[in-house]
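Step one of this worksheet: look at the structure below.
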Amino acid sequence: MPVRLTPVAGKRELKRFIYLPEQLHKDHPLWMPPLYMDEWDYFNPKKNRAYGYCDTTMMLAEKDGRLVGRVMGIINHRHNDHVKERTGRFALLESTDDQEVAHALLAHVEEWARAKGMTKVIGPFGFNDQDPEGFQIEGFEHHPTIVTYYNFPYLIRLLEAEGYGKEADYVVYKTPRPIDVPELIAKIAERAERRGFREVGLKSKGEIKKYIVPVLKLMNEAYKGIYGYSPLDDQEMHDLAKKYLIFLDVRFLKIVVKDGEVVAFMIAMPDLYQAFVKSKGRLLPFGWIHFLRVAKRRRFTQLDLMLAGIAEPYRGKGLDMLLGREMLKSSIAAGIEHFDSHHELETNLLVRAEMERQGGQVYKKYRIFQKTL
């Protein structure tokens, strides 16, 4: 039978869209479910402000009487206007190992984007780069981290057969934690402190609130020009903070100030893979227990490095070493054995060289694909 596409037009179709990956990946080793309460908010225009500046389309695919795929199409007008592009995106693509299914879903997004004047489609890429981006192409033997895909390897073959090629690659490093803070890092950090820079030393989640907007405004400034980044407005900053506040451990949130101004930050999270898997992505009725156990645990083996930024006027003044020293001190106390670097653009040679200098090795790779319309 041919593939039948059904638009997501109501709550019934949206529920099928959200929970389809759980069906397709039920026997997929190491797959990690999302947090479903966040998924419902993500697709709610009243709660996700990105709908205010993005066009979207969502489709389900059925074949032989069963649900076999899904896709979301996105046009981020704010980003396109900023970088002077006419680019559409596909996101949240799921498909059985069936070229006909993949073709139907991708062709829909392409036709939709073309009708809106777009000249290229990239993906997987969400509303912005805080959403999962890039399909995994190497390292499938390693479990995913928060905000990353763990896709079937065959999806790469299906995409390439539809004419999609490489747009950008990301690498992820696994870096061993040193036994002690290296002497060079300690010396440069001390020099920065003598210049008036100070790491605030958060003690509780309650102290985070006053830093949320300053940190995310600094992220807007520091990430300007980085591939795929879309600046956040104030409400989006609060929404993003609310989404991840439940997972934050203040030991691994480092903020540097000078004269009361936030000038640098680094955010990391303990590895949450087991909590997501054991909770099956549901906080209720008892899934929250697994996250609570993580929050109460004082020792971890893996720390996931998420975000970092330094205000442009203060770069090259040792703030990276000050942040690094404080993160290392917390990591040593927590028994961390290694760090996951999260996505780094393969072209970011400066960061890659530093990772490798510290003994890091690439152990996962992700790719964003593109096709000219």
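Across all C-alpha atoms in region 4-171, the radius of gyration and Dmax reach 15.2, 44 Å.
The slack in the chain from Asp234 to Leu283, taken as 0.36 nm per residue of separation less the alpha-carbon distance, amounts to 14.9 nm. For the residue pairs Lys166/Lys243; Lys187/Lys224; Lys15/Lys209; Lys243/Lys296, the C-alpha atoms sit more than 28 angstrom apart in Lys166/Lys243; Lys187/Lys224; Lys15/Lys209.
Put a dot 7 Å past the Cα of Glu337, heading toward its Cβ, do the same for Ala9, and the two dots end up 5.3 nm apart.
Which values of log₁₀ I(q)/I(0), to two decimal places, follow from the Debye formula for region 235-291 at q = 0.19 Å⁻¹ with a uniform point scatterer at every Cα? The computed values of log10 I(q)/I(0) come out as -0.82. Principal axis extents of the C-alpha atoms in region 246-373 (largest first, rounded to whole Å): 50, 48, 30.
Using the Cα centre as the reference, give the magnitude of the dipole from point charges on the C-beta atoms of the chain (Lys, Arg: +1; Asp, Glu: -1; all else neutral), rounded to the nearest 20 debye. Present the calculation step by step, with values, prior to reporting the outcome.
Numbers: 57 positive and 51 negative charges, 235 e Å.
For this selection, approximately 1140 debye.
Using the Cβ-Cβ distance between Asp97 and Met37 with R0 set to 25 Å, the FRET efficiency works out to roughly 0.25.
In the chain, the DSSP-assigned H stretches of four residues or longer account for a calculated mean residue ellipticity at 222 nm of -10500 deg cm²/dmol, using -39500 (n - 2.57) per stretch and the full residue count as denominator. Volume per residue of the convex hull around the Cα atoms, evaluated for region 178-336, comes out as 132 Å³. Beta-bridge orientation, the chain: approximately 90 percent antiparallel, per DSSP, counting only bridges with both partners inside.
Which option, [x] 173; [y] 140; [z] 197, is the value of volume of the Cα convex hull per residue in Å³ that was calculated from these coordinates? Label of the calculated value: [y]. Place +1 on the Cβ of every Lys and Arg and -1 on the Cβ of every Asp and Glu in the chain, take the dipole about the Cα centre, and give the residue among Leu328, Thr148, Phe369 whose Cα lies farthest towards its positive end. Comparing the listed Cα positions along the dipole, Leu328 ranks first.
Across region 189-205, rounded Karplus estimates of 3J(HN,Hα) from the backbone phi angles (6.51 cos²θ - 1.76 cosθ + 1.60, θ = phi - 60°) give 5, 5, 5, 5, 5, 5, 8, x, 8, 9, 7, 6, x, 4, 10, 8, 5 Hz, Gly and Pro being marked x.
Would you please give the FRET efficiency between Lys329 and Phe140, computed as 1/(1 + (r/R0)^6) with r the Cβ-Cβ distance and R0 = 22 Å, to the nearest 0.05? Walk me through the numbers on the way to the answer.
Values: r = 34 Å, r/R0 = 1.53.
So, using R0 = 22 Å, E works out to roughly 0.05.
3J(HN,Hα) couplings calculated from phi for region 260-271 with the Karplus curve 6.51 cos²θ - 1.76 cosθ + 1.60 (θ = phi - 60°) are, in sequence order, x, 9, 6, 10, 6, 8, 8, 10, 9, 9, x, 4 Hz; Gly and Pro show x. Stretching Lys217 away from Glu312 to a fully extended chain increases their span by 32.9 nm, per 0.36 nm per residue minus the current alpha-carbon distance. Compared with the alpha-carbon gap, the fully stretched path from Asp64 to Gln274 is longer by 72.1 nm at 0.36 nm per residue.
Every number here is computed from the coordinates shown, using simple stated rules; none is lab data. Because the structure is predicted, anything quoted here is derived from the model rather than measured. Cβ sites come from the backbone with ideal geometry, for glycine too, and all protein chains shown count toward neighbours.
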